[in-house]
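*Asks:* To start, I am sharing the structure in question, which I have written as structure tokens.
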Amino acid sequence: MSDIDIVVEICGSAGEGTISAGEILSRFMSEEGYDIMSFDSYPAEIRGFGKCVAHSRISRTRVLTPGKYSDVLIALNDSHSISQLPVLKEQGVLIYDNKPPKYHDEDKSIAGWLEPGMIPYGIPLNELAIKAAGNARGRNMVALGAFAALFGISQDAFIQSVKRRYGKKKQVVIDNNVDSFVEGFNWTRDNVRKIDFHLFDSSPSDVKRDQLIINGNEAVARGALAAGLHLYAGYPITPATKIMEILSKELPKKGGVFLQTEDEISSIGHVMGAGFAGKRAMTGTSGPGFCLMSEFTGLSVMAEVPAVIVNSQRGGPSTGLPTKHEQSDLNIALFGGSGDSPRVVIAPTSVDQCYQAAVLALYIAEKYQTLVILLIDFFLSNSIKNLDPPPPPDPRYLNANIAPGKDELKDYKRYQITENGISPRTIPGTPGGMFFSTGLEHDERGKPVYDTKTHTLMTEKRFRKHREILKEIPEPRITGWEGQGDIGVVSWGSSAGAAEEAVILACEKGLKVGSFSSMVLSPFPANALVRFCDRFKTILVPEMNYSGQFANMIAPIVTRPVMRLNMVTGLPMASEDILKKIKEIK
Amino acid sequence: MPKNDHYVIIGNGPAGNLAADTLRDSDPDARITIVSNESMTYYYRHKLTEFIKGKAREEDLTVRPYSVYKDKNIRLRLGQQVDKIDPNKKIIYLKHMETVSYTKLIIATGASPRALPSVSNFSKCLNVLSTYSDALAQIPMINKNKTFLVLGGDIISFKFIRMLKDMGKEVTTLLYSEAFWPFSLEADMAQQVKKSLSDKGVTVISDDHIKSVKKSGEAFDIVTEKGLNQSFDSVYSFLGMIPNIRFILGSGIDTDRGILVDDHLKTNFDDVYAAGDCAQIYNPDMKSYWLSIGWNNAKIQGTLAAQNLLGAHKVINPAPQKILEVEGLKINTSWWESF
Amino acid sequence: MITPGSQYLDEQINTVKENGFLRYRTGELPTWCPGCGYFGITDAILKACLELNLKNEEICAISGIGCAGRYPVFMNVYGFHTLHGRSIPVASGVKLAREDLTVFAVAGDGDALGIGGGHLPHIARKNIDITLFLFDNSIYGLTKGQSSATTLFGQATSSHPGGNPDTPLNPIKLALAYGASFVARGFAGDPEGLKHLAKEAITHKGFSFLHITTPCVTFDKFNFTWKNLKENHSYIDQSIHNVTDMESAMRIAEHERFKLGVFYKDSNRLSYHENLRNIASKKA
């Protein structure tokens, strides 16, 4: 079996089928049993004729990161692809159109920029597409045909996959796609001499047909649906918009309600309203929208009304870099808003975890009557992964509200002070369970009072929930060196995949390095972290922000020196960078 | 006033590189582009046989690494073939469908193995060794095969034969009367060569011609006019070199065997120069054109072409004592002396 | 010892108890100033609930911040005192999650027209089936008398002691322009009339905008006083005005600032829920 692990990038302009070619390739590879991680990017906010890149890592072993450099670049558009050349490896393969309908202007041809060592395969994409389907629309499929022929992919298997994908489309669409693919495949097989060494298994053993191929946004949406989401209110904002678009389609099918609001304040307001009314509700946004929601986050904590906010982080403060990756909203997620406001922050580290995190978030929010922030990021939102369809959530996650018993209703105290901080909650419609809920400090019945004792007791009660939550969050993920070692890499969110990969590579080189990440950041499993850190001389915290927000959070907890790797490149964390830092520290 | 000269040099051999260096030295800001159809950077072609033997590594072949071009701000376009030139519009058209405009052009494309009309019927069965990528592609085959027929007559064929013998191969050579090989005119020297080859264990056939070459399985069946009928694992041809000027034909730039230039290395277009193996240079004294071959000539000519392009009026020294005449052409023989 | 005064009070309490609307009232004492118009509004809303025979547990009263924000404290229903200006989205969220509930959004002029003014157009155009009770005393009362969005031009307030430089909004015109399907104005000084309007608003399918004028007896001694409001307020002559006539409604709203009653009502317009269901069934 081939142990192939390659990164393929398809680059073109919008409308050239770049993203769909990437999707077809990813889907096929997934079906063939490969692990894939893909990432589409289109820098322009408005797609127009802008540059699109479908980036996909395909591997026999589990993929933790999308890979920083590419092995194969498929150029559907020359001038856009030129700017993608710097990430092509030195021995990288270029597939390009060597017979475009007219000459490129000087320096606008990708073939003009090749460096020694790179392996170009010129394929008459345009010509073959026209031959196959009468127009040039199928260039993307011709290119995939060339790719398949070059890298040992079975023509039949690929065609079957394409047919499944286009199953519901018109026959002419299916035929044109298949014909274009075959044209590219046959021409390449007959005319191109292969000089690179990448080769897939032509007949892999573990074919997987039923895998989901979804990005983090979709995983969040699916998790939320599985967890019984009833209302989603959203306002368009990159990179979270896709969650809204998916739920707009899917929620009504399940009897739920989706609405697009006038602003993010209204979104979280609706979520709070639905939460108050006893239904599971969620909103999704990014930094700027999350800022607008800050006041409501305090109300959720204070009035003890369940609310889930997905914050898909993007770059920079203010409007910042809407289409770039960063992990710089940790501080506002943990500490945003006024007052002592304990909130739950869940930061999944992978697309798989996005699903679980959404289930967990809705469960915790309902059970603990509090605010849960699901902190994802541009990369997770857009990173496409293949995964086995997750099993339905454990029923205990689905109905978590703790309602008062009949006796308690006789003298009902909505904000009863309890050992675990959870006060039994009635939902509207329950006779005799009426109460008054407020963002003012209040007594056990909800009546606004401001005395010292009440505020102290109530603050303590609200914080006690965290002690309780800590008991039921997933264990931190600890990998790498198991004994006493040199460097412990502590990471969070989507950087954890790169950290884990870097640690695997470092261990292969004989370094004693371990990796720690926790999906739940608040309440934080500090004891587990301390135990982990005690095994290593130095702690390294890699994260995609400038100020080291997570490092600042854990530094007071651990008794080891904390080194930082902070970057604001706008790109996902790469294992290469962490590995380099590990070697520097070593 | 900002200069917007764009000097384009076609060819990344000694002539092209010396021309580029000369241009860069005197004009630090100009755009300079070298276009080469080889994917390897500037390398010593005569070390290819050592490379095949495994005695030289890739880095031993390179005259200078790719980074030097970046440092000198010379745009090196490797693996890119020129399709045609329009000297009136001052545009070159690249095979991969890109146009490049120039203000001044130096053509230094060198020469490549010649296919004689008499072998054209079976040229598909003949191997040539001229470039790095030829060598790269042929190494497995050369290592595997045992018996070789070399249609030879030029100096490269003798280097190649020596290499094969060093590798322990069985070699037969057919000294080709039509080969681009000046010494064949002098019978005594030909005799000397024949003897020296025979001494090395090479079977030498002369005064004969190939009649047919047929592929038979992995091997090739050879029949000569004089009745030789034998099978070889590989057949190579070294029948002299021919200037690489195909892409210029029809452009309006005057050509004959090579690109016709005056003794300043200028073509019939003011902004187009040629240097090295591809150039056919006028000698006013002899009232005739001469072809030059060889590394050192190329270097000298590349430098001179660049100087003249920049405004100098230097005349190329034809080095008459080394010019021989073959097939009505005068040929500078300095090439093999440098080997 | 029973004084004649307390005997009167006892009698009144008995009458009120017999009326039955106290079942919607909690035991909490109001925080409003004596003489506040909000007492009249409360009276009207409680009675409307009674007459509509609404179940306490099926009512949600969602308020913002300010004197009006305290309203749910006194109502024995599911009450939620939210954030300044945000009663509308929260109330909307309640209704969208639970169509079975009767949902009141309570907002002051600062809430609904100032800080939360951006929500009003959208609840109106979406036609989500809640009732907005806009308690408009044209002042920020809880923060002690600053100008609000409906404070008269030139009126001296604690934020503009030299006179308010801003032109007041016209809430009825706004609601009409935003496409609210029910637009009416009531007066705190006429609880009986207000009760009828409240009943109509609550039963109206879709978003109901009920603008309620009321004095602030503490911070406005000169303009919207009980006396002035009483003298100027009068009901729209329903024999002349057709409530489905938007142009007529606009005209009255523009020219007669103190007209009471239903300005506009579109009973045929579908509510948000109905629209969602229709779209979903079309897809299916």
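*Asks:* Give the order of B:V8, A:V63 when sorted by the count of other beta carbons within 10 angstrom, beginning with the fewest.
*Replies:* On the way: B:V8 26, A:V63 23.
Starting with the residue having the fewest Cβ neighbours, the order is A:V63, B:V8.
*Asks:* A further question follows. Defining a contact as two alpha carbons under 8 Å apart and six or more residues distant in sequence, what relative contact order in percent does segment A:37-146 show? Could the numbers behind the result be given before it?
*Replies:* Values: 165 pairs, mean separation 21.6, N = 110.
Computed value for segment A:37-146: 20 percent relative contact order.
*Asks:* Another one. Can you tell me the length gained on complete extension of the stretch A:S248 to A:Q160, counting 0.36 nm per residue apart and subtracting the Cα distance?
*Replies:* Values: separation 88, 0.36 × 88 = 31.68 nm, distance 3.13 nm.
Using 0.36 nm per residue and subtracting the Cα-Cα distance, I get 28.6 nm.
*Asks:* Using the number of other C-beta atoms within 10 angstrom as an exposure proxy, rank A:S41, B:S123 with the fewest first.
*Replies:* On the way: A:S41 19, B:S123 13.
The order, fewest Cβ neighbours first, is B:S123, A:S41.
*Asks:* Where a Cα-Cα gap under 12 Å defines reach, which aspartates and glutamates qualify for A:K169, not counting those fewer than 8 residues away within the same chain?
*Replies:* List returned: none.
*Asks:* Under a cut-off of 18 Å between alpha-carbon atoms, report the lysines in cross-link reach of B:K200, not counting same-chain residues fewer than 8 places apart.
*Replies:* B:K53, B:K146, B:K159, B:K165, B:K169
*Asks:* Could you give the length gained on full extension between A:K406 and A:N420, defined as 0.36 nm per residue of separation minus the Cα-Cα distance, in nm? Let's see the in-between values first.
*Replies:* Working: separation 14, 0.36 × 14 = 5.04 nm, distance 2.04 nm.
Separation in residues times 0.36 nm, less the Cα-Cα distance, equals 3.0 nm.
*Asks:* Shifting gears a bit: Run through segment A:203-244 and list the trypsin sites (Lys or Arg not before Pro) located in a DSSP loop whose Cβ has at most 11 other Cβ atoms within 10 Å.
*Replies:* On the way: sites: A:K208, A:R209, A:R222, A:K242; in loops: A:K208, A:R209.
Here the trypsin sites (Lys or Arg not before Pro) that fit, given the DSSP loop and packing criteria, are A:R209.
*Asks:* Now, a different point. Would you mind checking the tilt of helix B:155-166 against the longest principal axis of the Cα atoms of chain B, expressed as 0 to 90 degrees and rounded to 10?
*Replies:* Between helix and principal axis, roughly 50 degrees.
*Asks:* Is segment A:5-209 rounded, prolate or oblate when judged by the Cα gyration tensor, a ≥ b ≥ c being the square roots of its eigenvalues, rounded requiring a/c under 1.5 and prolate requiring a/b larger than b/c? Please list the in-between numbers first.
*Replies:* Working: a/c = 1.32, a/b = 1.11, b/c = 1.19.
Verdict is rounded for segment A:5-209.
*Asks:* Please check: in the Gaussian network model of chain B (C-alpha springs, under 10 Å), which one of B:R246, B:R24, B:R162 has the largest mean-square fluctuation.
*Replies:* B:R246
*Asks:* Go through A:K194/B:K70; B:K144/B:K195; A:K254/C:K282 and tell me which ones have a Cα-Cα distance over 22 Å in this structure.
*Replies:* Values: A:K194/B:K70 29 Å; B:K144/B:K195 28 Å; A:K254/C:K282 15 Å.
Beyond 22 Å: A:K194/B:K70; B:K144/B:K195.
*Asks:* Here's something else I'd like to know. Label segment B:1-125 by shape, choosing from rounded, prolate and oblate, from the square roots a ≥ b ≥ c of the eigenvalues of the Cα gyration tensor; if a/c is under 1.5 it is rounded, and otherwise prolate applies when a/b is larger than b/c, oblate when it is not.
*Replies:* Values: a/c = 2.60, a/b = 1.32, b/c = 1.96.
Since a/c reaches 1.5 but b/c is at least a/b, the shape of segment B:1-125 is classed as oblate.
*Asks:* Suppose a student asked you for the relative contact order of chain A, using Cα pairs under 8 Å spaced at least 6 residues apart; what percent would you report? Don't skip to the answer; put the middle values down first.
*Replies:* Details: 1314 pairs, mean separation 65.1, N = 586.
For chain A, the relative contact order is 11 percent.
*Asks:* Okay, moving on. Restricting to bridges with both residues inside segment A:477-585, how much of the DSSP beta-bridge set is antiparallel, in percent to the nearest 5? Please report the intermediate quantities before stating the final value.
*Replies:* On the way: 4 of 18 bridges.
Approximately 20 percent, going by the DSSP bridge assignments.
*Asks:* Here's something else I'd like to know. Lys pairs in segment A:406-470, Cα-Cα under 21 Å, at least 8 apart or on separate chains: how many?
*Replies:* Working: A:K410/A:K447; A:K413/A:K447; A:K413/A:K453; A:K413/A:K461; A:K413/A:K465; A:K447/A:K461; A:K453/A:K461; A:K453/A:K465.
For segment A:406-470, the number of qualifying lysine pairs is 8.
*Asks:* Compute the relative contact order of chain C as a whole-number percentage, counting only Cα pairs closer than 8 Å that sit 6 or more residues apart in sequence. Before the final figure, lay out each step's value.
*Replies:* On the way: 582 pairs, mean separation 47.5, N = 284.
Worked out over chain C, it gives 17 percent.
*Asks:* Still on this model: Where both partners of a DSSP beta bridge lie in segment B:115-239, what percent of those bridges are antiparallel, to the nearest 5? If you can, show how the numbers build up before the last one.
*Replies:* Values: 10 of 24 bridges.
If we restrict to bridges inside segment B:115-239, about 40 percent are antiparallel.
*Asks:* Among DSSP beta bridges whose residues both lie in the protein assembly as shown, state the antiparallel percentage, nearest 5.
*Replies:* Values: 69 of 184 bridges.
Here the share of antiparallel DSSP bridges comes out near 40 percent.
*Asks:* In terms of Cα to Cα distance under 18 Å, which lysines are near enough to C:K144, apart from those fewer than 8 places away along the same chain?
*Replies:* C:K221
*Asks:* Per DSSP H run of at least 4 residues, take -39500 (n - 2.57); add these up for chain B, divide by its residues and hand me the 222 nm value, nearest 500 deg cm²/dmol.
*Replies:* Details: 9 runs with 86 residues, N = 339.
It comes out at -7500 deg cm²/dmol, rounded to the nearest 500.
*Asks:* Separate question: Sort A:F435, A:F276 so that the residue with the fewest other Cβ atoms within 10 Å of its own Cβ comes first and the one with the most comes last.
*Replies:* Numbers: A:F435 23, A:F276 31.
Fewest-to-most Cβ neighbours within 10 Å comes out as A:F435, A:F276.
*Asks:* Going by the alpha-carbon gyration tensor, a ≥ b ≥ c the square roots of its eigenvalues, is segment A:213-397 rounded (a/c under 1.5) or, if a/c is not under 1.5, prolate (a/b greater than b/c) versus oblate?
*Replies:* Working: a/c = 1.37, a/b = 1.04, b/c = 1.31.
It is rounded, given that a/c, with a ≥ b ≥ c, falls under 1.5.
*Asks:* Now for a different question. Counting each DSSP H run of 4 or more residues in chain C as -39500 (n - 2.57), what helix-only mean residue ellipticity at 222 nm follows after dividing by all residues, to the nearest 500 deg cm²/dmol? Before the final figure, lay out the partial values.
*Replies:* Details: 9 runs with 98 residues, N = 284.
After summing the helix terms and dividing by residue count, I get -10500 deg cm²/dmol.
*Asks:* Moving on to the next point. Can you compute the helix-only [θ] at 222 nm over chain A? Use -39500 (n - 2.57) per DSSP H run of at least 4 residues, normalise by all residues, nearest 500 deg cm²/dmol. Please report the intermediate quantities before stating the final value.
*Replies:* Working: 20 runs with 214 residues, N = 586.
Roughly -11000 deg cm²/dmol at 222 nm, from the helical runs in chain A.
*Asks:* Pairs B:K104/B:K266; A:K385/A:K509; A:K51/A:K242: which exceed 18 Å Cα-Cα? Before the final figure, lay out each step's value.
*Replies:* On the way: B:K104/B:K266 11 Å; A:K385/A:K509 28 Å; A:K51/A:K242 20 Å.
Too far apart for the 18 Å limit: A:K385/A:K509; A:K51/A:K242.
*Asks:* If you find the alpha carbon centre of segment A:145-174 and of segment A:512-571, how far apart are they in angstrom?
*Replies:* Spelled out, the Cα-based centre of one part sits 45 Å from the other.
No value in this document is a laboratory result; all are computed from the given coordinates. Given the structure is predicted, the values throughout are model-derived calculations rather than measurements. Here Cβ is always computed from backbone atoms with ideal geometry, including for glycine, and neighbour counts include all displayed protein chains.
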